[in-house]
Each structure stands twice: as C-alpha cells, then as structure tokens.
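Below is one structure, written out as structure tokens, with a few remarks after it.
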Amino acid sequence: MKNISIVDAESILNREINFLEDAVKNSKNSFHLFNLSTINQNVPESRTVVLRGFEKSPFRLQFNTDKRSPKINHLGNNSNCSALFYDKIRKVQLRFSCFATINNNNSKSYEKWVSTRLQSRKCYMGDFDPSYKLESWNPNIPIEYLKINPKKEDSEIGYKNFCLIELDVRKIDILELHHDGHIRFEYKNDKIQFIAP
Ligand SMILES: Cc1cc2nc3c(=O)[nH]c(=O)nc-3n(C[C@H](O)[C@H](O)[C@H](O)COP(=O)(O)O)c2cc1C
C-alpha cells in the first residue's frame, strides 16, 4: 500500500500553488476559471468567474466583476464565500474558504483596471445592471462595440462599475483522485491535516 506523508502533502500544495500562479495568465490552465459561491439571504448562489490574481503569502485570490451585479450585494451583506477549482485532466479539486473585500473606485481597482483589456472593459459599459430582468434580449454592451473594441478613452466610462474582488483564504481543502486511494488534506494556519476523502 502507498504511504503519503506530510512532506508529500507539502509538495502537492506547492505544486498546486504553481498551477494557480500560471492560471492567472494562462486561459488553457483549468484553474483559470473557478466557481464562486456566495450567500444570498441564507441561500447559496454559484457562478463561474475568471481568476485575475493569486498571492501565496498570505493566500489571496482575485477576480473582477461589475459593481451592479447581485454577487456584490451578497458579499457586501456577508463576506463569507467559497471558491472551487477542478482540474479534470489531473483530477485535482481545490476548495477555498474565503472572506471577500470589494475594491471599487480605489487604488487597487484602478491598478487592475489599467491592465484590463479593451475587450473586457466592454462588459462594464452596459446600461443594465447584470442579472436585470429584460423585456427582450439585449447583450448589455453598447451596440457600437458588439464587433469592435472601444477606444481606450471611450472605455473609461466603465471604470465606475469595475470592481476588483480580493478573497482572503482561511482554509484550503485539497483532493487528488487516485485509483489506489484518494489523497485529501486541509491547509489552515500554516498546518497540513489529512482528512477523509
Ligand atoms: C466562462 C465564464 C467566465 C465568467 N467570468 C466572470 C467574471 O470574471 N466576473 C463576473 O462577474 N462574471 C463572470 N461570468 C459571469 C458570471 O458567471 C455570472 O453569470 C454573472 O457575473 C452574474 O452573476 P451574479 O448574478 O451572481 O452576480 C463568467 C461566466 C462564464 C461562463
């Protein structure tokens, strides 16, 4: 029977940190997208978002969103949330327990906005609040930018809606699937604890 030690778990954790660092810029990395769950009046709500930043000491995840979207309301009322990643090829799941900080119209959101591509900036230029119920279909980006990107100066109108969300990580639950015995452990307060898969 194989024997997995704390040292092995540490090297799994370090390997996953490397994957997360790569995923910020590499859209082919499965961790480029993750599932964010928030609490809306005691009811969980999940959605896909793009990983836009990762820091390892302390652990922090980042994504961008529109100030007008319901998730901002959820996180404003209850900053507790969960971030879930799965790499189908490597059969690795990462589950982060987090609390969120909303950055809008501050130095952190501005720094991220400056590096946001024009194509992405379009998403913050729509007239409707994201998730608003429409009378009829509307892509919610200015019609003139459906097929082309705005000029940089025209895109600046979206900045007021742009939020950088930082997720400070309390705990990571790592699960690696194997035919001869799954490996699962938690990383919390700088300590590794094996847990039952
Ligand atoms: C592949 C993919 C990536 C997405 N990335 C983001 C993102 O980075 N930020 C975001 O706010 N919404 C993103 N969305 C849209 C959200 O999943 C969601 O539909 C939208 O933000 C509204 O969420 P809410 O009503 O829960 O606030 C993405 C959707 C998909 C399918």
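Values in this text are rule-based calculations from the coordinates and carry no lab data. Predicted model only: the values in this text are computed from it and were never measured. Every residue, glycine among them, receives a Cβ derived from its backbone with ideal geometry; neighbour counts consider all protein chains shown.
The rows are residues; the columns are (1) within 16 Å of the ligand (Cβ to nearest atom); (2) hydrophobic (A, V, I, L, M, F, W, C).
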{"site": "SER97", "(1), (2)": "no, no"}
{"site": "ASN105", "(1), (2)": "no, no"}
{"site": "TYR124", "(1), (2)": "yes, no"}
{"site": "TYR132", "(1), (2)": "yes, no"}
{"site": "SER136", "(1), (2)": "no, no"}
{"site": "GLU144", "(1), (2)": "no, no"}
{"site": "ILE148", "(1), (2)": "no, yes"}
{"site": "LYS151", "(1), (2)": "no, no"}
message = Out of the residues in region 44-79 meeting the condition of being over 15 Å from THR101 (Cα atoms) and more than 12 Å from the ligand (Cβ to nearest atom), tell me which one is farthest from the chain's Cα centre (by Cα).
response = SER57
query = Would it be correct to say that LYS122 is touching a Pro at 6+ places or on another chain (Cβ under 7 Å) and buried (at least 16 other Cβ atoms within 10 Å of the Cβ)?
reply = yes
task = Can you tell me which residue among ASN35, ASN40 is closer than 18 Å to ILE172 by Cα, within 16 Å of the ligand (Cβ to nearest atom) and surrounded by fewer than 16 Cβ atoms within 10 Å (Cβ to Cβ)?
result = ASN35
remark   = Filtering region 125-150 down to residues that are among the charged types (D, E, K, R), without any contact (Cβ under 8 Å) to a residue 24 or more places away in the chain and either surrounded by 12 or more Cβ atoms within 10 Å (Cβ to Cβ) or not in a loop (DSSP other than H, G, I, E, B) (or both) yields GLU144
query = Just for strands (runs of 3 or more DSSP E) wholly inside region 151-197: which have at least 3 residues that are under 19 Å from the mean Cα position of the chain (by Cα) and under 18 Å from SER115 (Cβ atoms)?
reply = 162-176
